[in-house]
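The values are calculated or read from the model by the stated rules, or taken from the named source; none is laboratory data. This structure is a prediction, so every number in the text was calculated from the model and none was measured. Quick reminder, even Gly has a Cβ in these numbers, built from the backbone with ideal geometry, and neighbours come from all protein chains shown. Heavy atoms of the whole protein, side chains included, go into the accessibility calculation; ligands, DNA and RNA do not. Shrake-Rupley method; radii C 1.70, N 1.55, O 1.52, S 1.80 Å.
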Amino acid sequence: MQPTADRTEWFPIMLRMEGARAMVVGGGDVAANKVRLLLPTGAQVHVLSAHLCPELHDLARDGTITHTPHDATVQDAPNWLDADSYRLVYLATDDAALNGALAALCQARNIPVCAVDDPAVSSFITPALVTRGRVQVAVSTGGAAPVLARRLRARIEQALPAGLNRLADFMQAQRGWLGQVMPDTAQRRHLWERFLDGAGGQLGLQGQTAAARRELDTLLENHPTQGEVWLVGAGPGDPDLLTLAALRLLQDADAILYDNLVAPEILNYARRDAERIFVGKSRSRHTLPQDDINSELVRRAQAGQRVLRLKGGDPFIFGRGGEEIETLVQAGIRFRIVPGVSAANGCAAYAGIPLTHRDCAQSCLFMTGHARADGSISLDWQSIALHNQTVVIYMGLSALPELCARLMERGLPPDWPAALIEHGTLPDQRVVVGTLATLPDQAATQTVRSPALIIIGEVIRHRVLPAHADAP
Ligand SMILES: C[S@@+](CC[C@H](N)C(=O)[O-])C[C@H]1O[C@@H](n2cnc3c(N)ncnc32)[C@H](O)[C@@H]1O
């Protein structure tokens with residue numbers, strides 16, 4: 001399978017090396033780099049090479065590594081590979097063909113092998129590492145761009161505080177007793193997150209163990225038994241439009257209930273083991289009725305979960321967020337609301353259409369074009385069909401002919417500008433620009449699909465094409 005944007009053939013793991021045998025073939029500086037990586041793990045490192053660089057020579061002399069003064073060949077490799085069991089082998093000779101042949105022998109014996117600078121013949125590769133004692137951050141580009149990995153490592157290096165190891169040591173020391181007084185893993189995770197987000201994190205970094213322990217005890221005493229619900233706007237599609245709050249809560253949530261308008265890439269930002277529950281609602285398909293969604297939120301929060309209700313755009317703009325909050329209030333569940341970029345803002349910006357303009361639009365109206373079952377729409381058309389106003393219509397695609405007809409009946413001219421934005425802010429965004437008279441036909445002939453937003457008003461004449469937008 002070819003690696004793609006969200007696929008890679010490399011699986012990241014941490015390998016226990018303490019006491020295990022590791023072979024390094026080659027005696028130069030590259031081999032020395034690998035030996036240097038292995039030694040802090042407590043591995044028993046054996047080097048195979050007729051010549052050793054000064055660093056490896058010193059390590060062999062003082063017994064830190066063992067050494068066979070012989071250059072490996074394909075003929076004798078089976079002897080030493082079969083004689084000892086190696087947890088891994090590094091091939092660091094200058095001879096790429098020899099490295100390749102030796103790698104094949106290792107692979108045939110299922111011994112993890114890395115031929116330096118040759119991922120194609122390797123079964124593992126070494127990531128760029130940022131180390132703070134037991135805390136390690138590994139960066140890999142799957143062997144494609146080691147220089148890029150090193151650049152990223154340098155950035156992470158700058159961002160990570162020096163005391164991380166102290167903090168990790170403190171947390172390790174508390175695990176035993178905390179596991180006994182708080183056996184529920186999710187509850188323990190919540191407690192640690194509150195500790196790290198509060199004063200505890202800093203105290204641990206500074207090595208103030210007693211004060212950090214007092215902080216942990218206080219949090220434990222006041223730990224809420226009930227969970228909570230976070231009602232979060234995911235924006236109109238482009239993950240770049242997520243708020244920082246949404247991003248953080250995505251990392252903290254135990255369960256995520258999401259709609260069909262939430263772009264799949266956005267769920268990639270969630271904690272890996274968070275439950276993801278699709279409750280998608282669309283005009284024709286109600287996967288879970290609203291009442292069931294409301295009770296699911298309550299049930300999960302009462303069971304102690306931190307539930308993220310993720311909605312497309314903004315939860316309070318045609319998002320039924322108000323109804324969900326009312327249910328939570330009635331059930332006495334704690335909640336938080338995080339606004340999102342609504343489709344109107346996102347689509348207008350990515351299509352280059354200002355929503356207001358000093359010369360022609362002093363107000364902007366957000367309305368729904370959702371028709372009743374009989375196809376009619378009951379609205380105060382007189383207050384909508386105004387000349388100095390922009391009208392943004394959500395959920396109006398299927399009623400577009402009816403909407404345009406009503407606006408013309410109420411006095412807007414047939415050549416009044418109107419636009420449709422399909423899949424706004426997403427890579428396949430399309431913008432169709434026309435007039436009240438032409439837009440319904442344009443939508444039909446160009447097969448515009450949901451989600452699509454309608455913008456009506458003279459602001460469309462002020463459209464400028466930003467980098468994201470396609471041509472009309
Ligand atoms: C149920 S409403 C939800 C609106 C959402 N809460 C918001 O603030 O954007 C769904 C409608 O929003 C509009 N919409 C949402 N995302 C869109 C997008 N990426 N492009 C175009 N229209 C979108 C469409 O009109 C769609 O039918």
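Report relative contact order for the chain in percent, whole number only (criteria: Cα-Cα under 8 Å, sequence separation at least 6).
Here the relative contact order equals 9 percent.
Binning at 10 Å from 0, report for the chain what percent of all alpha-carbon pair distances ends up in each bin.
4, 15, 18, 18, 16, 14, 9, 5, 2, 0
Given all pairs of different Cα atoms, what value in angstroms does the Kirkwood hydrodynamic radius of segment 1-104 take?
14.7 Å is the Kirkwood radius here.
Expected output is a single nm value to one decimal: the length gained when fully extending between residue 131 and residue 199, i.e. 0.36 nm times separation in residues minus the C-alpha distance. What is it?
22.1 nm
Give me a comma-separated list of calculated 3J(HN,Hα) values for segment 387-396, in order, Karplus coefficients 6.51, -1.76, 1.60 applied at θ = phi - 60°, integers in Hz, x for any Gly or Pro.
For segment 387-396, the Karplus curve yields 6, 9, 9, 9, 10, 10, 10, 8, 6, x Hz.
Please determine, in degrees from 0 to 90 and to the nearest 10, the orientation of helix 321-331 with respect to the longest principal axis defined by the Cα atoms of the chain, where the helix direction is its Cα long axis.
Approximately 70 degrees, to the nearest ten.
Quick one: pull the percentage of alpha-carbon pairs in segment 344-462 with a separation above 17 Å.
51 percent
Could you work out the relative contact order of segment 1-151? I mean the mean sequence separation of Cα pairs under 8 Å and 6+ apart, divided by the number of residues, in percent.
Relative contact order of segment 1-151: 19 percent.
Packing-wise, with mean Cβ within 10 Å as the measure, how do 75-85, 252-262 rank, highest first?
Output ranking for 75-85, 252-262: 252-262, 75-85.
Please report, in Å, the Rg and the Dmax of segment 228-341, where both are computed over Cα atoms only.
12.6, 35
Report the gain in length on full extension from residue 437 to residue 96: 0.36 nm times residue separation, minus Cα-Cα distance, nm rounded to one decimal.
Computed gain between residue 437 and residue 96 is 115.8 nm.
Step through the residues of segment 78-91 one at a time and calculate ³J(HN,Hα) from phi using the Karplus curve (6.51 cos²θ - 1.76 cosθ + 1.60, θ = phi - 60°), rounding each to whole Hz and writing x for Gly and Pro.
Result, rounded to whole Hz: x, 4, 6, 5, 7, 6, 10, 9, 9, 6, 7, 10, 9, 10.
How much area per residue is accessible in the chain when the probe is 1.4 Å and only protein heavy atoms are counted (Å²)?
For the chain, the per-residue accessible area is 52 Å².
Please list, in order, the residues from segment 23-56 whose amide nitrogen is less than 11 Å from a point placed 7 Å along the Cα→Cβ vector of residue 110.
So the set is empty, nothing qualifies.
Go ahead and run the numbers for FRET between residue 211 and residue 120, Cβ-Cβ distance against an R0 of 56 Å, rounding to 0.05.
0.60
Counting DSSP beta bridges with both partners in the chain, what percentage is antiparallel, nearest 5?
Around 35 percent antiparallel, to the nearest 5.
How big is the antiparallel share of DSSP beta bridges in segment 228-341, given as a percent to the nearest 5?
For segment 228-341, the DSSP antiparallel bridge percentage is about 10.
Hey, can you grab everything whose amide H is under 5 Å from the amide H of residue 280? Only 5+ residues off in sequence or another chain; H modelled, so Pro and N-termini drop out.
260
Residue by residue, what Karplus-based ³J(HN,Hα) values in Hz, rounded to whole numbers, does segment 184-198 have, using 6.51, -1.76 and 1.60 with θ = phi - 60° and x for Gly and Pro?
6, 5, 5, 4, 5, 5, 4, 4, 5, 5, 5, 4, 5, 6, x
P(r) for segment 233-278: what percent of alpha-carbon pairs falls in each 10 Å bin, starting at zero?
Pairs per bin, as whole percents: 29, 63, 7.
Work out how much length residue 150 to residue 387 would gain on full extension: take 0.36 nm times their residue separation and subtract the Cα-Cα distance, in nm to one decimal.
Using 0.36 nm per residue and subtracting the Cα-Cα distance, I get 79.5 nm.
Along the Cα-to-Cβ line of residue 169, 7 Å from the Cα, sits a label point; which residues in segment 179-210 have backbone N less than 12 Å from it?
Only 205-209 fall inside the zone, counting backbone N under 12 Å.
Picking from 113, 97, 72, whose Cα lies most toward the positive end of the charge dipole for segment 21-126 (charges on Cβ: Lys, Arg +1; Asp, Glu -1)?
113
Leaving ligands, DNA and RNA out of it, report the carbon-plus-sulfur percent of the accessible area of segment 228-341 at a 1.4 Å probe.
On segment 228-341, the fraction of accessible area on carbon and sulfur atoms equals 51 percent.
Given Cα pairs under 8 Å that are at least 6 residues apart, what percent is the relative contact order of segment 335-436?
Once normalised by length, the contact order is 25 percent.
Would you work out what percent of the accessible area of segment 25-77, with all protein chains in place, is carbon or sulfur (probe 1.4 Å)?
On segment 25-77, the fraction of accessible area on carbon and sulfur atoms equals 56 percent.
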